[in-house]
Amino acid sequence: MFRPATIRIADGTISGIGRFTDQADVVVDDAHVLIPGLVDSHVHFNEPGRTSWEGFATGTAAAAAGGVTTVVDMPLNSLPVTTSPAALAAKREAAAGQLATDLAYWGGAVPENLGSLGELLDAGVVGVKGFMAPSGIDEFGHLSGAQIEAALSELALRDGLFIAHAEFEEFLTEAAGPVFTDFVASRPPEAEIAAVRVVVEAARRTGARAHIVHVSAAGALDLVRQAKADGVRLTIETCPHYLTLDADAVPDGEGRYKCCPPVRGRANQDALWDGVLDGTIDAIVSDHSPATADLKNVSDLGVAWGGISGVQTGLASVWTEARRRGIDLERILPLFTTGPAAIVRLSRGEIVREAPAHLAVFDPDAEYTLGADDLHYRNRLSPWVGTPLRGAIRETYLHGERVYTRDEGVLARSGREVFPHEQAQLSGYVELGTGIASS
């Protein structure tokens, strides 16, 4: 519940929360809401190797503009893919000095490195990702059902986390042509539901922690509900595009709407929202997966690159739809903050004493039509360009330092690498007073 307060910050950490005073160093006016910095645990920044698609400089700038203060970068589509400690070291070197947000890392599980996943955990990744269908790039192979179980068995010995792109290849068909609903039909819900079932049962047998990324098929939710009720160590996420876009309303021949698994219809979307509200879905994250215009702006949806850019617009797009549905900000905000933070075991996403002073000033009533020039991506492509949105980030604070404003853009590159169970701190002292009420 939102209430007036003064947040005291020392050495980059929240040192106290007290009564509101308008004598604080920074005062947030009554029209805005001070929220925890968001955590986006699913981004593809593609550096090194495919920095023309995105990079740490542009990707973290876009994240800060969206109120995100911690991102977790996926093991692909960078080159090399992050399937070894050496590859992680190359990614860390590429990130140095570029970060407008804090950054953590996923590792990858591929057929070639099974049996060595502990080395990635030791190197500092928050978990490892595997695909159950072709990933789209040759250097990141997918796993069979038996290999999924082998990975979970290996990780269970270390209490490590396995995250799954849950689609089964045997249910997928070739997509071709510009008709969006034809593309959707090529990746049916059954591909996802069957794959989720395999992960659930493997997690049940091994006792490992498992997480399903970008759940699009609402038909999988009952499986998840039952698994959680049975004590299976399972979490799931969905994405803004599944909660806000309707496949039947997507224009044909527009590659910027293509992602895998695909955006589905309105009834499916309604059921996903039920999963948000009843707690089945643990997190809403972007799956920010950009590419260059020549790969995305292709009318043949069988050829266009599959991925949606959304790290900057996640909260605004979902808040726009939530308001339309009569859902309060307090209901969705944990799925952008403590939900993803808990999945990756980082102490983020709360305004509490001793937490990192990661904060954002949000204007829940701002109305605007998103333009390409508003985006900080390297390639300014988004399915929400031209869409009326509600809600805008006015300022973002990282470790107590203002790193972004809507008027001035990115002000600092003071982001840090973070690892499970670690806390980062900065020196300095400021106070933010906020006289806000619930939106």
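The values are calculated or read from the model by the stated rules, or taken from the named source; none is laboratory data. In this text the structure is predicted, and so the values were computed from the model without any measurement. When we count neighbours, we look across all protein chains shown, and the Cβ atoms used for this are built from the backbone with ideal geometry, even at glycine. Note: accessible area is taken over every heavy atom of the protein model, side chains too, but ligands, DNA and RNA are not part of it. Shrake-Rupley method; radii C 1.70, N 1.55, O 1.52, S 1.80 Å.
Points worth noting:
- In the set (1) open to solvent by less than 60 Å² (accessible area, probe 1.4 Å); (2) outside any strand (DSSP E or B); (3) among the small types (G, A, S); (4) touching a residue at least 12 places away in the same chain (Cβ under 8 Å), A342 fails one condition alone, (1).
- Here A202 qualifies as of a type outside the set (S, T, N, Q), open to solvent by less than 10 Å² (accessible area, probe 1.4 Å) and assigned to a helix (DSSP H, G or I).
- Among the numbered conditions (1) modelled with pLDDT of 95 or more; (2) surrounded by 14 or more Cβ atoms within 10 Å (Cβ to Cβ), the only one that L432 does not meet is (1).
- Test set (1) open to solvent by 20 Å² or more (accessible area, probe 1.4 Å); (2) at pLDDT 95 or above - S347 fails condition number: (2)
- Residue identified as closer than 29 Å to L88 by Cβ and either modelled with pLDDT of 95 or more or not basic (K, R) (or both) among V184, V179, V213: V213
- Residues considered: G130, G124. Of these, the only one that is touching a Phe, Trp or Tyr at 6+ places or on another chain (Cβ under 8 Å) and on the phi > 0 side of the Ramachandran plot is G124.
- Residue that is surrounded by the fewest Cβ atoms within 10 Å (Cβ to Cβ) [pool: residues in the range 77-119 that are under 21 Å from the mean Cα position of the chain (by Cα) and farther than 15 Å from F56 by Cβ]: V81
- Which numbered condition Y377 misses (of (1) surrounded by fewer than 20 Cβ atoms within 10 Å (Cβ to Cβ); (2) assigned to a loop (DSSP other than H, G, I, E, B)): (1)
- Flag for D73 being surrounded by 21 or more Cβ atoms within 10 Å (Cβ to Cβ) and either touching an Asp or Glu at 6+ places or on another chain (Cβ under 8 Å) or at pLDDT 95 or above (or both): yes
Yes or no, residue by residue, for (1) closer than 20 Å to I308 by Cα; (2) touching a residue at least 60 places away in the same chain (Cβ under 8 Å); (3) over 17 Å from the mean Cα position of the chain (by Cα):
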position	(1), (2), (3)
A194	no, no, yes
V198	no, yes, yes
A229	no, no, yes
R233	no, no, yes
D246	yes, no, yes
A249	yes, no, yes
P261	yes, yes, no
V276	no, no, no
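- Residue in the range 311-329 that is open to solvent by 10 Å² or more (accessible area, probe 1.4 Å) and free of Cβ contacts under 8 Å to residues at least 24 places away in the same chain present: yes
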